[in-house]
Amino acid sequence: MSERSSSILGYASIFLAAIPIFIGLYEYKVNNERDFGKNFLNQQSVVYDELLGDLGSISTSISNPDDSISRVNYNTAKFNFNQLYYGKLNLYQSPTIEKLTDSLFTLINSYDTNKTSHMQRDDLEKLIDDIQDKVYKLSVECKRSLKSTYNLE
């Protein structure tokens, strides 16, 4: 056997030994990306669940603002919504959900301002309807976002 063919065999054996190493590294990278994606999707789902729970509480509480339990529930839900709005929600929301939550944040603050200024009952009812409509639209958009994120469509 010539010197040239033995060097080719030497390189070939190194190349063949390197193939499983590169395949292993590739699979490791793909699995890490998949695990990160899975964790992100789970966290997004949890945050949307918290968001819609708090907004549902706000939505039902404003329908009966004279009830003391509704006021307590409203204040708690609004506090929780504000925490999500300024915190975790920004990590997971799509641009459409961001617009809807910004709009809801503004409407809820407008509700707080106007209910203390003794706004006309009809105007307050319209504001409550607007908030409840936005909450519904946001819940539909969260569902759509989760479906597209999980590739369920």
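The values are calculated or read from the model by the stated rules, or taken from the named source; none is laboratory data. Everything numeric here is computed off the predicted structure, so don't read it as measured data. Don't worry about glycine lacking a Cβ; one is built from the backbone with ideal geometry, like all the others, and counts go over all protein chains shown. Only protein heavy atoms, including side chains, enter the accessible area calculation; ligands, DNA and RNA are left aside. Shrake-Rupley method; radii C 1.70, N 1.55, O 1.52, S 1.80 Å.
Yes/no matrix, rows are residues, columns are (1) modelled with pLDDT under 90; (2) more than 30 Å from R144 (Cα to Cα):
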| residue | (1), (2) |
| --- | --- |
| Y11 | yes, yes |
| A17 | yes, yes |
| I21 | yes, yes |
| G24 | yes, yes |
| K29 | yes, no |
| D35 | yes, no |
| G56 | no, no |
| R71 | yes, yes |
| Y74 | no, no |
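Just one of the numbered conditions (1) touching a residue at least 60 places away in the same chain (Cβ under 8 Å); (2) over 20 Å from the mean Cα position of the chain (by Cα) is not true of N73: (1).
The rows are residues; the columns are (1) open to solvent by 70 Å² or more (accessible area, probe 1.4 Å); (2) of a type in the set (A, V, I, L, M, F, W, C).
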residue	(1), (2)
A18	no, yes
I23	yes, yes
Y26	yes, no
V30	no, yes
R34	yes, no
K38	yes, no
Y48	no, no
G53	no, no
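Cβ-Cβ distances below 6 Å connect the following pairs, each with a first residue in the stretch 137-152 that is at pLDDT below 80, a second residue that is of a type in the set (A, V, I, L, M, F, W, C), and a separation of six or more residues or different chains: T149/L41. May I ask you to list pairs of residues, at least six apart or on different chains, whose Cβ atoms are under 7 Å apart, with the first in the stretch 80-102 being under 12 Å from K137 (Cα atoms) and the second being open to solvent by 30 Å² or more (accessible area, probe 1.4 Å) and in a loop (DSSP other than H, G, I, E, B)? So the pair list comes out as T101/Q93. For T101, the criteria (1) among the β-branched types (V, I, T); (2) surrounded by 12 or more Cβ atoms within 10 Å (Cβ to Cβ); (3) over 30 Å from R34 (Cα atoms) hold in every case but one, which is (3).
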